[in-house]
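The values are calculated or read from the model by the stated rules, or taken from the named source; none is laboratory data. All of these numbers come straight from a predicted model, not from anything done at the bench. Using ideal geometry, Cβ is built from the backbone for each residue, glycine included, and neighbour counts are taken over all protein chains shown. For accessibility, only protein heavy atoms count, side chains too; no ligands or nucleic acids. Shrake-Rupley method; radii C 1.70, N 1.55, O 1.52, S 1.80 Å.
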Amino acid sequence: MAATAEERRYAAKVSRRLQRAYPEAACSLDYRTPLELLVATVLSAQCTDERVNLVTRELFVKYHGPDDYARVELPELENDIRSTGFFRNKAKSIKECCRTLAESHGSRVPESIEELVELPGIGRKTANVILGNAFGVASGVVVDTHVGRISRRLGLSAQKNPGKVEEDLMGLFPKKEWIVLSHRMIGHGRLVCTARSPKCDDCPLADICPRIGVESS
Ligand code: SF4
């Protein structure tokens, strides 16, 4: 269902508050190329960006293009990324994805969401991260655990499914805000609107937030 004018006005207010609170919000993963961002994003599942950045500092010296990841023996890659957790699945995803890039995409990361989500191990969230940050293309809103939680608390979405939350956010916010919106929400989720014990008293959205699902302490 399309957002009403009132819902969009509320969303614009949320956006202005977040912009004021987090003017410099940006991707906190370190990367120099679209491939490096792809690898870092896969590694960031269930892992902090700080840990990923520590691991990729060495990883990106050793591996340069998709061919390097496609050729390495799986156990060696697993060992190189072990400390990010879930390293077996992550190594498999990175290796298979890079094999496909090398075989079918001329060793380049594609710039369309349709092609990206076809790659092994790449879902819509990762595709949005890559397109938004490496290519500056607003293909959607990155909905991670922070963005989903904050959207529900603020009443921007009642959905649990990240894809459905994304649809709601895309209907509420103008396209030019999609990329930075998720950076600001992620920053807000880490610092203020934390999963447990959100700091509502110190929140720049306190006077407008309905705090849906937040238990008062
Ligand atoms: S008022 Fe509380 S629940 Fe609402 S956004 Fe701020 S921290 Fe989150």
Among residues of segment 125-183, those that are touching a Lys or Arg at 6+ places or on another chain (Cβ under 9 Å), hydrophobic (A, V, I, L, M, F, W, C) and in a helix (DSSP H, G or I), counted: 2
Test: Ala134 is of a type in the set (A, V, I, L, M, F, W, C), at pLDDT 95 or above, open to solvent by 30 Å² or more (accessible area, probe 1.4 Å) and over 17 Å from the mean Cα position of the chain (by Cα): no
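Checking the condition over 21 Å from Ser182 (Cα atoms) and more than 14 Å from the chain's Cα centre (by Cα), which residue from Tyr22, Tyr63 passes?
Values: Tyr22 fails: over 21 Å from Ser182 (Cα atoms).
It is Tyr63.
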Close pairs from segment 75-92: first without any contact (Cβ under 8 Å) to a residue 60 or more places away in the chain, partner of a type in the set (Ser, Thr, Tyr) and assigned to a helix (DSSP H, G or I), Cβ under 8 Å, at least 6 apart: Leu77/Tyr69; Lys90/Thr84
Conditions (1) modelled with pLDDT under 95; (2) exposed (fewer than 14 other Cβ atoms within 10 Å of the Cβ): number failed by Ala3: (2)
Evaluation of Leu116 against (1) away from the ligand (no atom under 16 Å from the Cβ); (2) surrounded by fewer than 17 Cβ atoms within 10 Å (Cβ to Cβ); (3) aliphatic (A, V, I, L, M) (one fails), failing number: (2)
Total residues in segment 173-192, condition within 12 Å of the ligand (Cβ to nearest atom) and either more than 17 Å from the chain's Cα centre (by Cα) or aromatic (Phe, Trp, Tyr) (or both): 1
Matching residues in segment 164-182 - criterion: being free of Cβ contacts under 8 Å to residues at least 60 places away in the same chain, closer than 19 Å to Val137 by Cβ and open to solvent by 30 Å² or more (accessible area, probe 1.4 Å): Glu167, Met170, Pro174, Lys175, Lys176, Ile179
In segment 66-97, residue farthest from the chain's Cα centre (by Cα) [restricted to those that are in a loop (DSSP other than H, G, I, E, B) and not acidic (Asp, Glu)]: Val72
Selection count where residues are open to solvent by 70 Å² or more (accessible area, probe 1.4 Å) and touching a helix residue (DSSP H, G or I) at 6+ places or on another chain (Cβ under 7 Å), scope segment 191-217: 3
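Scan segment 14-31 residue by residue and report those that are open to solvent by 90 Å² or more (accessible area, probe 1.4 Å) and either basic (Lys, Arg) or without any contact (Cβ under 8 Å) to a residue 60 or more places away in the chain (or both). Walk me through how you get there before you give the answer.
Of the residues in segment 14-31, the ones open to solvent by 90 Å² or more (accessible area, probe 1.4 Å) are 16, 19-20, 24.
Arg16, Arg20, Glu24 - these are the residues of segment 14-31 that are open to solvent by 90 Å² or more (accessible area, probe 1.4 Å) and either basic (Lys, Arg) or without any contact (Cβ under 8 Å) to a residue 60 or more places away in the chain (or both).
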